[in-house]
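Heads up: the structure comes next, in structure tokens.
Taken together, the values in this text are just the output of simple stated rules run on the coordinates, not laboratory data. No experiment lies behind these values; they were computed from the predicted model shown. Quick reminder, even Gly has a Cβ in these numbers, built from the backbone with ideal geometry, and neighbours come from all protein chains shown.
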Amino acid sequence: MKKSVMLFAATFAAALSFVSCVNSKYANDTHLAIEDGKTVVERYGQLQVIGTDLCDQNGNPVQLRGMSSHGLHWYGKYANKDVITWLRDDWNCQIWRAALYTGGQGGYVSNPALKERVTDSVEACIENGMYVLIDWHVLEEHDPLLYKKYAVEFFDEMSKKYGDKPNVIYEICNEPNGEKVTWSDNIKPYAEEIIEVIRKNDPDNIIIVGTPVWSSQVMAPSSDPLKNGKNVMYTCHFYAGSHKAEARKNVANALKAGTPIFVTEWGTTQASGDGGVYEKETLKWMEFLKAHNISWANWSVNNKGEDSGILAFNADREAKGNWKDKDLSKDGKFLRRILRNELDMKSWKQEQKNK
Ligand code: IDC
């Protein structure tokens with residue numbers, strides 16, 4: 001009798017250790033925001049770039065996944081602890097992106113108080129053991145050099161304040177764009193200067209640089225590299241209804257050329273942020289990003305009623321989180337299943353057949 005109890009205990013322990021061993025392989029794991037009671041930052045710690053991979057403190061490749069805010073000047077109310085915690089616990093998000101529009105009406109340059117939405121986000125993520133992207137959302141001004149003076153001050157302050165926290169990732173120019181804005185003449189000089197500012201206060205956290213033409217020309221950095229590219233990654237943005245196989249090929253080529261990629265923004269819709277949810281095209285991208293271990297943040301948390309917003313029109317006006325199915329848009333329901341590891345191309349195809 002005693003013997004069989006022991007045998008049972010031994011088998012049980014072996015089964016348990018098998019489970020935890022499987023879970024510890026980050027590269028192929030199921031991307032959990034919390035595992036064995038530990039947050040993702042407790043498990044992965046200080047991130048680093050090795051080759052083209054984003055890696056944890058021990059050098060294991062990791063893939064982070066999560067949500068982006070909408071423009072903080074429009075839907076910044078969702079950048080609060082309740083919502084970010086809900087996204088961690090119910091949506092299994094490991095990362096949050098705080099999108100600080102710089103130009104335009106109500107953007108940071110004309111409305112510096114907006115910085116508080118960023119710091120609220122960063123502090124919520126630190127308390128939650130999540131990673132956080134501080135996104136300097138260059139868009140309407142086209143050229144990151146235009147507001148460089150403000151970027152220098154901003155990133156100096158952020159890196160002084162949070163440089164010792166492994167949670168923080170700096171995204172220094174969302175989407176440079178416009179015919180006259182090139183890698184070599186605009187983005188590179190801007191990036192080298194901002195990286196220098198950050199590195200004085202923060203020697204190691206990841207810095208992400210935008211690429212030309214709304215962060216689509218990911219081959220540009222490899223032909224004219226930054227002088228200070230350590231722990232630096234480059235971004236590719238895609239909208240599944242507009243950017244397809246060719247865009248994935250560009251990313252694969254950039255990786256081959258040695259350029260580390262982080263998809264800091266993508267959407268299930270067309271590039272307008274609207275025009276329907278492209279489920280199959282999205283799942284192709286998800287397979288591709290997983291296969292290449294590329295981290296991502298999805299656009300975005302808002303209840304505006306646009307197709308790329310995860311909330312139903314006018315849902316959760318008080319921004320409390322705790323969303324029920326009826327509070328989510330089509331995009332929101334789809335995204336939640338992806339993040340919770342409940343949906344991939346294979347199961348989606350099966351579901352379509354069964355319909
Ligand atoms: C869009 C918002 C939309 C807003 C518009 C303003 O979804 O509600 O009216 O910005 O410019 C991007 C940008 C991101 C865009 C998004 C969708 O980084 O700011 O948000 N997009 O158009 N690049 C490609 C698509």
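Scanning the stretch 43-57 for residues that are of a type in the set (Val, Ile, Thr) and either assigned to a loop (DSSP other than H, G, I, E, B) or within 15 Å of the ligand (Cβ to nearest atom) (or both) yields a single hit, Thr52. For Ala245, the conditions (1) more than 18 Å from Phe154 (Cα to Cα); (2) within 18 Å of the chain's Cα centre (by Cα) are fulfilled apart from (2). One residue is enough: does the stretch 144-154 have a residue meeting the conditions part of a loop (DSSP other than H, G, I, E, B) and hydrophobic (A, V, I, L, M, F, W, C)? So far as the stretch 144-154 goes, yes, one or more of its residues are part of a loop (DSSP other than H, G, I, E, B) and hydrophobic (A, V, I, L, M, F, W, C). Residues of the stretch 165-193 that are assigned to a loop (DSSP other than H, G, I, E, B) and under 22 Å from the mean Cα position of the chain (by Cα): Lys165, Pro166, Asn167, Ile172, Cys173, Asn174, Glu175, Pro176, Asn177.
Every residue, every condition in (1) of a type outside the set (D, E, K, R); (2) surrounded by 18 or more Cβ atoms within 10 Å (Cβ to Cβ); (3) free of Cβ contacts under 8 Å to residues at least 60 places away in the same chain, yes or no:
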position: Ser69; (1), (2), (3): yes, yes, no
position: Tyr75; (1), (2), (3): yes, yes, no
position: Cys93; (1), (2), (3): yes, yes, no
position: Pro112; (1), (2), (3): yes, no, yes
position: Arg117; (1), (2), (3): no, yes, yes
position: Asp120; (1), (2), (3): no, no, yes
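The residue that is farthest from the ligand (Cβ to nearest atom), counting only those in the stretch 73-111 that are closer than 19 Å to Met158 by Cβ and of a type in the set (A, V, I, L, M, F, W, C), is Ile84. Set side by side, the residues Gly163, Gly129, Gly107 differ, and just one is farther than 17 Å from Trp266 by Cα, touching a His at 6+ places or on another chain (Cβ under 9 Å) and of a type outside the set (Asp, Glu), which is Gly107.
Inclusion of Asp90 among residues that are acidic (Asp, Glu) and out of contact with any helix residue (DSSP H, G or I) (no Cβ under 7 Å at 6 or more places or on another chain) is warranted.
Taken over the stretch 249-284, residues that are touching a strand residue (DSSP E or B) at 6+ places or on another chain (Cβ under 8 Å), free of Cβ contacts under 8 Å to residues at least 60 places away in the same chain and more than 14 Å from the ligand (Cβ to nearest atom) amount to 2. So, of the residues in the stretch 293-307 that are more than 15 Å from the chain's Cα centre (by Cα) and touching a residue at least 60 places away in the same chain (Cβ under 8 Å), which turns out to be nearest to Ala254 (Cα to Cα)? Ranking the candidates gives Asn302 first. When restricted to residues that are part of a helix (DSSP H, G or I), aliphatic (A, V, I, L, M) and touching a helix residue (DSSP H, G or I) at 6+ places or on another chain (Cβ under 8 Å), the stretch 194-225 contains 4. For the stretch 161-219, which positions are of a type in the set (Ser, Thr, Tyr), in contact (Cβ under 8 Å) with a residue 40 or more places away in the chain and closer than 13 Å to Tyr234 by Cβ? Answer for the stretch 161-219, where residues must be of a type in the set (Ser, Thr, Tyr), in contact (Cβ under 8 Å) with a residue 40 or more places away in the chain and closer than 13 Å to Tyr234 by Cβ: just Ser215.
Inside the stretch 321-355, can you point out the residues that are exposed (fewer than 13 other Cβ atoms within 10 Å of the Cβ) and either basic (Lys, Arg) or closer than 20 Å to Leu64 by Cα (or both)?
First pass over the stretch 321-355, keeping only residues exposed (fewer than 13 other Cβ atoms within 10 Å of the Cβ): 322, 324-326, 342, 346-347, 349-355.
Of everything in the stretch 321-355, those that are exposed (fewer than 13 other Cβ atoms within 10 Å of the Cβ) and either basic (Lys, Arg) or closer than 20 Å to Leu64 by Cα (or both) turn out to be Lys324, Lys326, Glu342, Lys346, Lys349, Lys353, Lys355.
So, in the stretch 285-314, exactly how many residues are more than 16 Å from the ligand (Cβ to nearest atom), among the small types (Gly, Ala, Ser) and surrounded by 16 or more Cβ atoms within 10 Å (Cβ to Cβ)?
From the stretch 285-314, those more than 16 Å from the ligand (Cβ to nearest atom) are 286-295; that's our starting set.
Subset that is among the small types (Gly, Ala, Ser): 291, 295.
Those still in the list that are surrounded by 16 or more Cβ atoms within 10 Å (Cβ to Cβ) too: 295.
Number of matching residues: 1.
Comparison of Leu145, Leu114 shows that the only residue that is within 16 Å of the ligand (Cβ to nearest atom) and touching a helix residue (DSSP H, G or I) at 6+ places or on another chain (Cβ under 9 Å) is Leu114.
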